[in-house]
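These notes are about the structure you will find just below.
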Amino acid sequence: MPIDCAFYVCDKLTSVYYESTEESWNTIEKGHSIFDSPAPAVYYYSASAPALNEAGTAYEGNYWRYDTDGVTPVIWKKEN
């Protein structure tokens with residue numbers, strides 16, 4: 001069953017917090033519907049800070065972690 005069946009008729013979905021890697025996400029058959037343009041942003045789980053881009057100004061890719069409550073997803077953002 002394609003993953004988009006889990007999000008059937010979720011036309012307001014803007015973000016997906018996937019608790020695995022981008023490589024794993026790319027192996028999933030997603031069908032089409034909500035993952036057509038404009039597709040929701042997909043964030044991949046990383047318990048530790050991901051690698052920075054070449055300029056050192058932002059994280060390379062879309063990653064999230066759990067907040068201190070252990071429940072709430074928080075997007076990794078580089079603090080200046």
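The values are calculated or read from the model by the stated rules, or taken from the named source; none is laboratory data. What you see is a predicted model, and the numbers here were worked out from it, not measured in a lab. Backbone-built Cβ (ideal geometry, glycine too); neighbour counts: all protein chains shown.
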Residue pairs within 6 Å by beta carbon, gap of at least six or interchain, first lying in region 54-74 and closer than 18 Å to Tyr44 by Cα, second at pLDDT 90 or above and acidic (Asp, Glu), listed first then second, are Val74/Asp67
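Among the residues that make up region 23-37, is at least one of them modelled with pLDDT of 90 or more, of a type in the set (Phe, Trp, Tyr) and surrounded by 14 or more Cβ atoms within 10 Å (Cβ to Cβ)?
For region 23-37, residues modelled with pLDDT of 90 or more, of a type in the set (Phe, Trp, Tyr) and surrounded by 14 or more Cβ atoms within 10 Å (Cβ to Cβ): absent.
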